[in-house]
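> Please read through the structure below; I'll follow up with questions.
The values are calculated or read from the model by the stated rules, or taken from the named source; none is laboratory data. These figures come from a predicted structure and were not determined experimentally. Here the Cβ positions follow ideal geometry from the backbone for every residue, glycine too, while neighbour counts run over all protein chains shown. Ligands, DNA and RNA are stripped out before the accessible areas are found, and what is left, the full protein with its side chains, is counted by its heavy atoms. Shrake-Rupley method; radii C 1.70, N 1.55, O 1.52, S 1.80 Å.
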Amino acid sequence: MPLVTSTEMFKKAYDGGYAIGAFNVNNMEIIQGITEAAKEENAPLILQVSSGARKYANHTYLMKLIEAAVIETELPICVHLDHGDTFELCKSCIDGGFTSVMIDGSHHPFEENIRLTKQVVEYAHDHGVVVEGELGRLEGIEDDVKVSAADASYTDPDQVQEFVARTGVDSLAIAIGTSHGAYKFKPGTKPQLRFDILEEVQNRLPGFPIVLHGASSVMPEFVSMINKYGGDMPDAVGVPEDMLRRAASMAVCKINIDSDLRLAMTGTIRKYLAENPSHFDPRQYLKPARAAIKEMVRHKLVHVLGCNGKA
């Protein structure tokens with residue numbers, strides 16, 4: 001099966017009241033853990049690559065690893081650029097075989113966001129590639145994306161129809177209270193997402209796929225594992241999984257997960273090396289890390305996204 005776009009995935013997800021997991025990938029073990037879980041659960045997948053991941057692992061290496069995953073799993077897999085910030089970056093990914101790109105113009109004024117997004121959409125559609133745009137800004141840090149609390153802003157529902165109509169985007173990322181990174185909400189507070197904004201966007205864009213970024217739930221077992229074996233991570237509260245399930249039952253068709261992958265891998269590696277200090281073969285500590293990612297992704301597919309059995 002060749003790589004696919006997200007078009008058919010999103011249509012089925014919207015109609016079925018579930019979401020597709022968009023998992024950030026950086027190396028072979030992460031790709032293997034994600035795709036092995038998806039194969040066993042027969043789930044469609046979006047594997048997304050940030051600008052930082054391309055710099056770290058190299059575009060060609062990542063594409064070949066993803067092609068191997070397609071061969072091994074025979075699943076519908078979409079390859080997506082996460083947070084592209086320039087036309088040139090999006091074009092490079094489109095020319096390099098990506099089937100979906102995000103152009104994040106949310107840091108620009110509204111008119112400039114429209115101009116830049118439309119430019120990417122026109123090139124992408126000419127090459128059979130779909131485009132995700134963004135309105136509103138999420139707080140937090142993810143690779144090169146850094147947004148302070150003062151600069152963060154919720155999506156304005158009054159802008160979404162005009163933005164989609166004038167740009168021609170295929171999906172829209174909105175800001176309703178999620179955030180990038182592990183530190184989403186202060187311990188002791190009750191996390192809240194603005195479902196009123198999501199509902200208003202859904203009403204204004206019926207049938208249109210919506211995306212949630214910064215949606216890791218920051219699974220506490222991995223934070224505890226990191227701290228137990230030499231880490232110094234402050235307590236963190238992620239997005240409650242029941243809120244993600246509710247969003248997936250509405251217009252949200254794509255939920256991004258990155259921090260949970262990093263925490264699962266790092267926590268497991270720290271634990272293994274602490275318990276086996278004389279071991280130095282990378283395969284010995286990467287194997288349990290890959291297994292931890294696999295089980296974490298399986299949990300997300302079944303209990304959060306609801307896309308198991310939907311490939």
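> What residue, among those in segment 141-161 that are open to solvent by less than 80 Å² (accessible area, probe 1.4 Å) and out of contact with any helix residue (DSSP H, G or I) (no Cβ under 7 Å at 6 or more places or on another chain), is modelled with the highest pLDDT?
Among those residues, the one meeting the criterion is D156.
> Taking D85 as the residue in question, decide whether it is more than 18 Å from the chain's Cα centre (by Cα), acidic (D, E) and open to solvent by 20 Å² or more (accessible area, probe 1.4 Å).
No: the conditions fail for D85.
> Considering each residue of segment 243-261, count those that are in a helix (DSSP H, G or I) and either out of contact with any helix residue (DSSP H, G or I) (no Cβ under 9 Å at 6 or more places or on another chain) or in contact (Cβ under 8 Å) with a residue 60 or more places away in the chain (or both), and give that number.
6
Condition check ((1) modelled with pLDDT of 95 or more; (2) under 26 Å from C307 (Cα atoms); (3) loosely packed, with under 15 Cβ neighbours inside 10 Å) across all residues:
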residue: K55; (1), (2), (3): yes, no, yes
residue: V70; (1), (2), (3): yes, yes, no
residue: I94; (1), (2), (3): yes, no, no
residue: F98; (1), (2), (3): yes, yes, no
residue: V101; (1), (2), (3): yes, yes, no
residue: E111; (1), (2), (3): yes, no, yes
residue: L116; (1), (2), (3): yes, no, no
residue: V121; (1), (2), (3): yes, no, no
residue: D126; (1), (2), (3): yes, no, yes
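> Further, regarding this structure: Need pairs with beta-carbon distance below 7 Å; first residue closer than 17 Å to L212 by Cα and within segment 4-31, second charged (D, E, K, R) and assigned to a loop (DSSP other than H, G, I, E, B); sequence gap 6+ or separate chains.
What qualifies is T7/D170; Y18/K310; N24/D258.
> Sticking with this structure for a sec: Based on this model, can you work out whether A274 counts as assigned to a helix (DSSP H, G or I) and open to solvent by less than 30 Å² (accessible area, probe 1.4 Å)?
Here the answer is no, as A274 does not meet what is asked.
> Filter segment 24-40 for residues that are crowded, with 21+ Cβ neighbours inside 10 Å and either more than 19 Å from S259 (Cα to Cα) or touching a Gly at 6+ places or on another chain (Cβ under 9 Å) (or both) and give the result.
Selection gives I34, A38.
> Could I ask something else about it? Look at I269 and say whether it is in contact with a Phe, Trp or Tyr (Cβ under 7 Å, 6 or more places away or on another chain), β-branched (V, I, T), open to solvent by less than 40 Å² (accessible area, probe 1.4 Å) and in a helix (DSSP H, G or I).
yes
> For segment 7-23, give me each residue that is over 20 Å from R290 (Cα atoms) and open to solvent by less than 10 Å² (accessible area, probe 1.4 Å).
A13, A19, I20
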